[in-house]
Amino acid sequence: CLKDEQPFYICYNAYYILMIYFLGGFFHMDIIVVGCGKVGFTIVEQLSNEGHNIVAIDERPECIDKVKEELDVMGIVGNGVSYQVLMEAGIATTDLLISVTGSDEQNLLCCLIAKKTGKCQTIARVRNPVYSKEIEFFKNEFGLAMIINPEYATADEISRIFQFPSAIKIDPFAGGKVEMLHFRITKNSRLNGEQVNSIRTHINKNILIAAVDRNDHIIIPNGDFTFQENDTVSIIGKRREAVDFFKKCGLITNPIKSAMIAGGGKISYYLARNLLRAGVNVTIIEIDQKRCEELAELLPKATIICGDATDQCVLEQEGLLKTQGFAVLTGLDEENILVTLYARNNSDAKIITKINRINFTSVINELHLDCVVNPRIIMADHIIRYVRSSKKSDESNVENLYKMKEGKAEALEFIIKERSAITDIPLKELQIKDNILICSIYRNGEIIIPSGQDTIQVGDSVVIIVANKRISNIREILRS
């Protein structure tokens, strides 16, 4: 029961909440995800955490039961290519359909039916290398918003790291003209015990220390912050400035010239192709004879060894002790971890390890593996980037998005399209929320590491770090 004075009070507060909802940047989409295997589950989980309304479709009841129980989303048991199933899932009013079943052809057909049935955007997973040269044709003819290939995206990320071996991750912005490089501080590092102000003064003033991951917490450091052993540091700037920074810190900056790959799957194929184009000598160790023959035909310039990559004798005979880069990409996480630990103790190579499971992150972190890639997370991040950029705004668009430390922080790139409350005002005068840092401004071919006197202008590409919150519009960096 309501007292006489309560209805007005409640209406007023409801109005206030709605205003926060619409002005505060909340943006929810109705999304259908077809295929709820490991990749589909990760995508549903990530999008659900973003606050979107999800309907999952899969022919396997156990997959739908798991999604419904663990993620609290709607689920339908059925074939995502079926018109009736899609109608039951609400395709007529859905904003986005994502098809990530195990079949490329089924994914494309599902997106085509969804496009003809509703007015939604569509994303398909297409993994087969046979289709790699036909991606643009599929996008245009099927009207797809995006085609995602997690194996290719993972290989691309590994290739970037092999070009800059001292980094454990490299995130490109502004079409690759600006980069965020992540690296770990060792006991003997010149940075161990140094303050941020000292680094910018004595090492490189054109590099910005954007964030530090310490004991699973993301810190946006001030000038008095002191680095410690095992900190993971994120810097941002031009590649040549990063090279200068790493050289002065005594870190390796030259790209690798030789690489060994354990496992001969799709990621290995794409990675070897990228490395061979860059002039790197590549050796692939694969246990399956038939797959070795396929790889030998696809990659005639690579050395293909039919053998067990978990056998230390095979690794040593094929040059593990001399190789500069080692990518451990077999189909089993356990094997990848064991091979990595062995290689770390017996080789100076830059080691990159593929891990598919994300359930044991804390255990994996304790192993202090050099560099870990997860195709499922990489794919989910691509999709979240698209979804976040789909928010229609006259002022700014999310151009790029990279999650840091399991989503505890994000690095975002915005393109400024119109004047707003954040443009043409010195940064020191903006009321910016806590745990947000404006990292760089790209303008007319120049990169600006911003000071308090700099301003954001229309046409700029702006990179920011956001910790412990999510934003879709650059206005949301300001206090209310």
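Listing for the model above:
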quantity: Within segment 184-238, strands (runs of 3 or more DSSP E) holding 3 or more residues that are closer than 18 Å to Ile448 by Cα; calculated: 208-214, 232-237
quantity: Residue among Thr283, Thr226 that alone is within 30 Å of Cys439 (Cα to Cα), out of contact with any Leu (no Cβ under 7 Å at 6 or more places or on another chain) and not hydrophobic (A, V, I, L, M, F, W, C); calculated: Thr226
quantity: Selection count where residues are within 15 Å of Ile32 (Cβ to Cβ), free of Cβ contacts under 8 Å to residues at least 24 places away in the same chain and touching a strand residue (DSSP E or B) at 6+ places or on another chain (Cβ under 6 Å), scope segment 57-77; calculated: 3
quantity: Residue list for segment 288-328, filter: within 18 Å of Thr353 (Cα to Cα) and either touching an Asp or Glu at 6+ places or on another chain (Cβ under 7 Å) or among the aliphatic types (A, V, I, L, M) (or both); calculated: Ala309, Thr310, Leu315, Leu320, Leu321, Ala327, Val328
quantity: Residue that is farthest from Gly176 (Cα to Cα) [pool: residues in segment 403-446 that are among the polar types (S, T, N, Q) and open to solvent by less than 20 Å² (accessible area, probe 1.4 Å)]; calculated: Thr423
quantity: Residues satisfying the stated conditions in segment 120-161, i.e. among the hydroxyl-bearing types (Ser, Thr, Tyr) and either assigned to a helix (DSSP H, G or I) or surrounded by fewer than 22 Cβ atoms within 10 Å (Cβ to Cβ) (or both); calculated: Tyr131, Ser132, Tyr152, Thr154, Ser159
quantity: Residue within segment 325-339 that is in contact with a helix residue (DSSP H, G or I) (Cβ under 6 Å, 6 or more places away or on another chain) and aromatic (Phe, Trp, Tyr) present; calculated: yes
quantity: Single unsatisfied condition, Thr201 versus (1) touching a residue at least 12 places away in the same chain (Cβ under 8 Å); (2) out of contact with any helix residue (DSSP H, G or I) (no Cβ under 9 Å at 6 or more places or on another chain); (3) of a type in the set (Val, Ile, Thr); calculated: (1)
quantity: Verdict on Tyr83 being among the aromatic types (Phe, Trp, Tyr) and touching a residue at least 40 places away in the same chain (Cβ under 8 Å); calculated: no
quantity: Qualifying positions in segment 352-361 - surrounded by 23 or more Cβ atoms within 10 Å (Cβ to Cβ) and of a type in the set (A, V, I, L, M, F, W, C); calculated: Ile352
quantity: Residues of segment 97-112 satisfying the condition of being touching a residue at least 40 places away in the same chain (Cβ under 8 Å) and surrounded by fewer than 22 Cβ atoms within 10 Å (Cβ to Cβ); calculated: Gly102
quantity: Tally of residues being over 21 Å from Leu271 (Cβ atoms) and open to solvent by less than 20 Å² (accessible area, probe 1.4 Å) across segment 162-182; calculated: 4
quantity: When residues of segment 452-468 are limited to those that are closer than 20 Å to Ala411 by Cβ and more than 25 Å from the chain's Cα centre (by Cα), the one surrounded by the most Cβ atoms within 10 Å (Cβ to Cβ); calculated: Ile456
quantity: Some residue of segment 356-369 being modelled with pLDDT of 85 or more and either in a helix (DSSP H, G or I) or within 16 Å of Ile474 (Cα to Cα) (or both); calculated: no
quantity: Test: Ile449 is more than 30 Å from Leu47 (Cα to Cα), in contact (Cβ under 8 Å) with a residue 60 or more places away in the chain and open to solvent by less than 70 Å² (accessible area, probe 1.4 Å); calculated: yes
quantity: Matching residues in segment 469-480 - criterion: being at pLDDT below 90 and open to solvent by 20 Å² or more (accessible area, probe 1.4 Å); calculated: Lys469, Arg470, Arg475, Arg479, Ser480
quantity: Subset of segment 311-338 (residues that are of a type in the set (A, V, I, L, M, F, W, C), more than 22 Å from Asp156 (Cβ to Cβ) and either modelled with pLDDT of 95 or more or more than 27 Å from the chain's Cα centre (by Cα) (or both)); calculated: Cys313, Val314, Leu315, Leu320, Leu321
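The values are calculated or read from the model by the stated rules, or taken from the named source; none is laboratory data. Please read these numbers as outputs of a predicted model, since none were measured by experiment. Note that each Cβ is placed from the backbone with ideal geometry, even for glycine, and that neighbours are counted across all protein chains shown. These area figures cover heavy atoms from the full protein model, side chains too; ligands, DNA and RNA do not enter into them. Shrake-Rupley method; radii C 1.70, N 1.55, O 1.52, S 1.80 Å.
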